[in-house]
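Scroll down for the structure; my scribbles are underneath it.
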Amino acid sequence: MKLSKTEISTFFHRIHVNNELGNTSLDFLNLIIESVAKYIPWQNITMIDNGLGKIPTFEDIKRNMLTGNGGICIDINRFMYYFLTEIGYDVQYILCGRHNAEKRHIAIISYFNNSPYFIDFGDAQPYYQALNIHNNQIIRRDSIEYQFQNLGNDYKLLIKKDNKWNISYVFNIQQCNEIDFKDFIKKYYTDINYGPFWKAVHFAYYPNRKLRAIKGTTILYEKENGEICTLKHATIEQFNISLRKYFDEDVLVKFKFNDKITKLKRITHKNKDDKNT
C-alpha cells in the first residue's frame, strides 16, 4: 500500500492531529494511537455492505480509512502499518491469538531505546498508547488493567475486568508479512462461520476516550468513572430510541445501523438457504 503526501495529510486531518508537529518519537506515536481510537471506528458495517465473499483491496482499505469509515482489525492495523512506515516509523507486523487458539489477529511492533513496543489500532478495547512488552508492571486505563508476561520467546497480554485476569493475546515478536495473513483474511470475508463478523453488527469507537459501541441490538457505553454499561433491547423500537440517545446524528446517518442489521439477516438467511439446496 502506497500513501501520497496528500493522503497522509488527509488522514492526519481525519484524526485531528497536526502533522506539522510530526516526528518519530514515542510521544507522537501515542498521540496518533489515541486519536485513531477517538475518530476511526472498529466496525463490520463495510463488510456487511459489500456482502459475503468480497475481500477488500488495499485501495478499498485506504479509502475507508481516509474517509473515517474504519473497518475490522485486519483492515485498520494494516493501513496503520503502512501509514507509520510512510511517516518514518520502523514497524513490523506480528500475529496474535487467543490462548490455545489460531493466531489470526494482526498487531504491530516498533522499537524505542531497543525495547519492543506493542501497538494495536484495531482492538475494540484500545490501549491509547504503545506498550513496552518487556515491562511487566500493571497498566491501568480507567477501570481496565493490562499486564505483559514474558514466557521465553512468547508473550502474554493479560487483561483484568471485573477483578479477574484473563489472557487477551498470546504472541511472539517474529516478523510477519502480508503473505502470512492471506489465508485467514480470506476466511474472515468468505466464511460466514469464521470469526464474529457475520454473526452481528459490530461498531465501537471512543469519543472523548469513552466507549460507544454496538453489538447486534445491544449498546455499550462508558460512564465518566470508567464503568461500562450494557443496554439490551427487546425490540428494534427500543434500540432506535437508545441509538439517538448515545450516538451523534452524523454517526447514525453515516452508518445506518438498522439497515445493516436487516442486511446481515438477509446474508445469513441466504447462506443457510444456499447450503440447504
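Here the extension length gained between Tyr39 and Thr24 equals 3.3 nm, from 0.36 nm per residue of separation less the Cα-Cα distance. Using R0 = 41 Å, the C-beta based FRET efficiency linking Asn114 and His13 works out to 0.75.
With the simple model of a label 7 Å out from the Cα in the direction of the Cβ, Lys210 to Leu151 spans 3.8 nm. With a/c under 1.5 counting as rounded, go ahead and sort the stretch 35-185 into rounded, prolate or oblate using the C-alpha gyration tensor (a ≥ b ≥ c being the square roots of the eigenvalues; past the cut-off, prolate if a/b is larger than b/c, else oblate). In terms of gyration-tensor shape, prolate. The share of accessible area on the chain that comes from carbon and sulfur is 46 percent, using a 1.4 angstrom probe. If R0 is taken as 22 Å, the Cβ-Cβ distance between Ile138 and Ile167 corresponds to a FRET efficiency of 0.90.
Dividing the Cα radius of gyration of the stretch 192-274 by its Kirkwood radius returns 1.01 for Rg/Rh. The listed peptides 68-74, 38-44, 167-173, 251-257, ordered by packing as a protection proxy, come out as 38-44, 68-74, 167-173, 251-257 (highest mean of other Cβ atoms within 10 Å first). Highest mobility in the GNM of the chain, judged by mean-square fluctuation with C-alpha springs under 10 Å and restricted to His105, His13, His202, is found for His13. For Tyr81, the accessible area of its heavy atoms, probed at 1.4 Å with every protein chain present, is near 40 square angstrom. A 1.4 Å probe run over the protein chains yields, for the chain, 51 Å² of accessible area per residue, whole-number rounding.
Listed by chain and number, the lysines whose alpha-carbon sits under 16 Å from that of Lys270, ignoring those within fewer than 8 places in the same chain, are Lys54, Lys199, Lys260. The Rg/Rh ratio of the stretch 42-113, with both radii computed over alpha carbons and Rh defined as the Kirkwood radius, is 1.01.
The values are calculated or read from the model by the stated rules, or taken from the named source; none is laboratory data. Computed from a predicted structure; not experimentally measured. A quick note on method: Cβ atoms are made from the backbone with ideal geometry, for glycine too, and the neighbour counts reach across all protein chains shown. All accessible areas refer to the heavy atoms of the entire protein, side chains included, with ligands and DNA or RNA removed. Shrake-Rupley method; radii C 1.70, N 1.55, O 1.52, S 1.80 Å.
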